[in-house]
Amino acid sequence: MIPRLAILGVGLIGGSLARALKRAQRVGEIVGCGRNEDQLRKAVELGVIDRYTTDPAEAVRGADVVVLGTPVSAMRAVLAAIRDHLAPQAVLTDVGSAKGCVVEDARAVFGGLPERFVPGHPIAGTEKSGVEASFAELFEHRRVILTPHVENAAPAVDLVRTMWLATGAQVVEMGIRHHDEVLAATSHLPHVLAYTVVDTLAAMDDRAEIFRYAAGGFRDFTRISASDPAMWRDICLANRECLVAVIDEYVGNLQRLRAALAAGDEPTVYETFRRAKHARDNFYRE
Ligand code: NAP
């Protein structure tokens, strides 16, 4: 049970966490914080939070758990605004999609990593944004990755783990760098590809014709390019070192496939597609 929870950034992820914890009856009061009062009022109307403030310092006062649910680019400023106002017992965590940058922000703001700051990342989301898109079931049967650091106090990690378990998620732990490498490959690269494919086709002369005949496969493949461009700009830039490495690997493979297609190299084309189908079939059987 968390007597008072502060959520800074009550959007899709912060709002869904609030809803899930309320549904599980694992939280007393939820205080929301953001910049847009209309959105915060909406969050109260929807029953996602109990009250709100636009002042981060006020939001965290007396809170037992503080969740940073803002875009990763806003984390440093928010951490600086709350640093001197956290209750002594407060456990701090975040939901940012890249972890190295947030840990760096915390180190810069606190002059070291606080023992009660537990970085986290729920591997769940949709292409929608804002509190109205939030729902209590978002994290059910999904993974939440915690990336604890050596300075962490074990009870703080336990509390954050227990909080996520209450949402129906499975909680795993990973090193910070490893998290960023894995997510660059599994999440950030697919977003880059989806945005680039749609952007490429949209610039073609016969784009109207192209999109008119786009079938279900195209829709599936490009769904994530409907995600908030500002948020994904921030994530991709924050994790650019890992992302550029995996883009290079992908470009190398694409060039090999291009060469095989240009040369009419049937075995290479088939073998590439067969390996990919085999990998995907195995992956989704898990
Ligand atoms: P979202 O729906 O756009 O919500 C972000 C919230 O942060 C909004 O309520 C916004 O409210 C607030 N905010 C934005 N800038 C702020 C600032 N400078 N100071 C204070 N509040 C600010 O985004 P989201 O999808 O929930 O993503 C939030 C975090 O979760 C990001 O760090 C993202 O990397 C991570 N994440 C996203 C997904 C996904 O698939 N969407 C999945 C896992 C993790 P105001 O505009 O009112 O300030």
Note to self: Residue under question is Gly111, and the condition is that it be open to solvent by 10 Å² or more (accessible area, probe 1.4 Å), away from the ligand (no atom under 15 Å from the Cβ) and touching a residue at least 40 places away in the same chain (Cβ under 8 Å); does it hold?
What the structure shows: no
Margin query: Residues that are within 28 Å of Ala106 (Cα to Cα), in contact with a strand residue (DSSP E or B) (Cβ under 9 Å, 6 or more places away or on another chain) and open to solvent by less than 30 Å² (accessible area, probe 1.4 Å): list the helices (runs of 4 or more DSSP H) wholly contained in the range 151-247 that include at least 2 such residues.
Written below: 154-165, 176-183
Next item on the list: Would you point out which residue out of Arg212, Arg177, Arg223 is within 16 Å of the ligand (Cβ to nearest atom) and of a type in the set (Lys, Arg)?
Entry: Arg223
Item checked: Val103 vs. criteria surrounded by fewer than 24 Cβ atoms within 10 Å (Cβ to Cβ), in contact with a Leu (Cβ under 8 Å, 6 or more places away or on another chain), modelled with pLDDT of 95 or more and in a helix (DSSP H, G or I) -> yes
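If I ask for residues that are more than 17 Å from the chain's Cα centre (by Cα) and part of a helix (DSSP H, G or I), which ones from the range 106-131 would you list?
Looking only at the range 106-131, we keep the residues that are more than 17 Å from the chain's Cα centre (by Cα), and these are 106-117.
Of everything in the range 106-131, those that are more than 17 Å from the chain's Cα centre (by Cα) and part of a helix (DSSP H, G or I) turn out to be Ala106, Arg107, Ala108, Val109, Phe110.
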Margin query: Report every pair of residues separated by at least 6 positions or lying on different chains whose Cβ atoms are under 7 Å apart, first residue within the range 76-92 and within 23 Å of Trp164 (Cβ to Cβ), second open to solvent by 70 Å² or more (accessible area, probe 1.4 Å).
Written below: Ala90/Arg116; Val91/Arg116; Leu92/Arg116
Item checked: Those residues of the range 50-74 which are part of a loop (DSSP other than H, G, I, E, B) and more than 30 Å from Cys236 (Cα to Cα), in sequence order -> Asp50, Arg61, Gly62, Ala63, Asp64
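Taking the criterion of being more than 18 Å from Ser187 (Cα to Cα), near the ligand (Cβ under 8 Å from one of its atoms) and open to solvent by 30 Å² or more (accessible area, probe 1.4 Å), would at least one residue in the range 76-93 satisfy it? Step through it out loud before you land on a result.
So in the range 76-93, the residues more than 18 Å from Ser187 (Cα to Cα) come out as 76-93.
Narrowing further to those that are near the ligand (Cβ under 8 Å from one of its atoms): 77-78.
Add one more test, that the residue is open to solvent by 30 Å² or more (accessible area, probe 1.4 Å), and what stays is 77.
Yes, the range 76-93 contains a residue that is more than 18 Å from Ser187 (Cα to Cα), near the ligand (Cβ under 8 Å from one of its atoms) and open to solvent by 30 Å² or more (accessible area, probe 1.4 Å).
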Notebook entry, point to check: Which numbered condition trips up Leu261, out of (1) in contact (Cβ under 8 Å) with a residue 12 or more places away in the chain; (2) open to solvent by 100 Å² or more (accessible area, probe 1.4 Å)?
Noted result: (1)
Notebook entry, point to check: Hey, among the residues in the range 115-128 that are within 10 Å of the ligand (Cβ to nearest atom) and modelled with pLDDT of 95 or more, which one's surrounded by the fewest Cβ atoms within 10 Å (Cβ to Cβ)?
Noted result: Ile123
Next item on the list: Please verify whether the range 1-11 includes one or more residues that are of a type in the set (Gly, Ala, Ser), open to solvent by less than 20 Å² (accessible area, probe 1.4 Å), part of a helix (DSSP H, G or I) and within 24 Å of Glu140 (Cβ to Cβ).
Entry: no
Next item on the list: Go through the range 12-46 residue by residue and tally those that are open to solvent by 10 Å² or more (accessible area, probe 1.4 Å), over 16 Å from Thr93 (Cα atoms), near the ligand (Cβ under 8 Å from one of its atoms) and among the hydrophobic types (A, V, I, L, M, F, W, C).
Entry: 1
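The values are calculated or read from the model by the stated rules, or taken from the named source; none is laboratory data. These numbers were taken from a predicted model, which means no experiment stands behind them. For neighbour counting, all protein chains shown are included, and Cβ atoms are generated from backbone atoms with ideal geometry for every residue, glycine included. Surface areas here come from the heavy atoms of the whole protein model, side chains and all, with no ligands, DNA or RNA. Shrake-Rupley method; radii C 1.70, N 1.55, O 1.52, S 1.80 Å.
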